[in-house]
Structure formats: structure tokens, C-alpha cells
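First the structure, in the form of C-alpha cells, and then the observations on it.
The values are calculated or read from the model by the stated rules, or taken from the named source; none is laboratory data. Values in this document were obtained by computation on a predicted structure and should not be read as measured data. Methodologically, a virtual Cβ is constructed for each residue, glycine included, from the backbone with ideal geometry; neighbour enumeration extends over all protein chains shown. Accessible surface areas use protein heavy atoms only, side chains included; no ligands, DNA or RNA. Shrake-Rupley method; radii C 1.70, N 1.55, O 1.52, S 1.80 Å.
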Amino acid sequence: GTMDSGTRLCFTMADSGIKTIDDLRQRKAITAATAAGSSTTDYSWFMNALAGTKFDVVTGYKGPGDVFLALERGEATTVCSLDSATVNALRPDWISSGKITLLMQAGLEPSPRFKAPSMWNYIKPEDKPVVELIVGQQFFGRPFFAPPGTPPQAMRSEEHTSELQSQSTISYAV
């Protein structure tokens, strides 16, 4: 099972002058990323190849914290695509305060939690199977395992759900 299927977000600093993916089809934006194989690199590259964006990907940042620092220092203006849980954990006020502009959300299905267009708005139908293969990894965002023979209803029980949402579990996880 999984506790979270994840929604990845592409965003820019609110003062960058970039407000939409269409803006990124017209002009380049320096995009902070970690390394090849990471979502911050791969999603930018596939959006460039399949949706005509102009993410100018700069790799080498050690992790999401350094990616955020790059944005704060002005070394980069965009990020594509960090898990929404990471954004909320490391910069909890960025979305609600308007410090960033959400350009796009990436997931198998759009999340109603975010006021941003779905990446599927920019992907041609013939490219959808390739993108589904890449994005499908998000379905297993926070996996958990149980021993063989565990009844399926045990994994969907109210006790299991309430334990995942309890303050003690959340404070232990953070």
C-alpha cells in the first residue's frame, strides 16, 4: 500500500515574471535541480522535450534544501518538480503566501489541493504513455509493507488511518 501518491509541483518565484507554462515556452528560465535521475531534472527535461518548455536546467544542488536556497539567492527562478509534501515541509508558507507561482502540477490525476494546471494539458496524446511511465512512480510515494497473509481490510482500517494522522506519529516522522 501507500500513504501518499504524491503530487509534484513546478513553480517559479512570484517576482520572476513567469506566470504560466506558456511563458516558459517563450523564454528560458534557470531551473535548480539535483542530478540526472531526480525528479527536479527529469521532469524539466521531459517537459522541454514533450511540451516545448525552455527550462534551463542547472544540476548539482545536493537536495531540496539547496534547491530552495538557490531560489532564495536568485541563482534560479524555477523548480520542476518537487513533491508537494517536500515544499510544504521545507517552506510551509510559500504556496499560501504567494511567494511562488504554481506553474503546473504533475501526477497521474490532478489534485484539487493545488490551483495549478495539470501537466496533461501540455502533453500530446501520443506522448501520454511515456509520461505515464515516468509519473507512475509517484503512485508509490510513501509505501508500506505488511507480512504475507495480512488481511486487506487491516490496511484500510480506521485505526490504521487514525494512527497515520495522529500527532504522535506526525511529530515522530518530522
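Below, the figures for the structure above:
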{"item": "Cβ crowding within 10 Å averaged over residues, with 104-114, 81-91 ranked highest first", "result": "81-91, 104-114"}
{"item": "Ala85/Gln26 FRET efficiency (R0 30 Å; Cβ-Cβ; nearest 0.05)", "result": "0.45"}
{"item": "Contour minus Cα-Cα distance for Ala36 and Lys99 (0.36 nm per residue)", "result": "20.0 nm"}
{"item": "Listed residue pairs exceeding 25 Å between alpha carbons, taken from Lys28/Lys62; Lys54/Lys99; Lys19/Lys124; Lys62/Lys124; Lys99/Lys128", "result": "Lys62/Lys124; Lys99/Lys128"}
{"item": "Peptides 55-62, 31-38 ordered by average Cβ neighbours within 10 Å, highest first", "result": "31-38, 55-62"}
{"item": "The stretch 1-116, accessible surface, carbon-and-sulfur percent (1.4 angstrom probe)", "result": "51"}
{"item": "Size of charge dipole - the stretch 27-124 - debye, nearest 20, with Cβ of Lys, Arg +1 and Asp, Glu -1, no other charges", "result": "260"}
{"item": "Rel. contact order, % - alpha carbon contacts under 8 angstrom, at least six apart, the stretch 1-124", "result": "36"}
{"item": "Alpha-carbon Rg/Rh ratio, for the stretch 29-118, with Rh computed the Kirkwood way", "result": "0.93"}
{"item": "Cβ crowding within 10 Å averaged over residues, with 21-30, 121-130 ranked highest first", "result": "21-30, 121-130"}
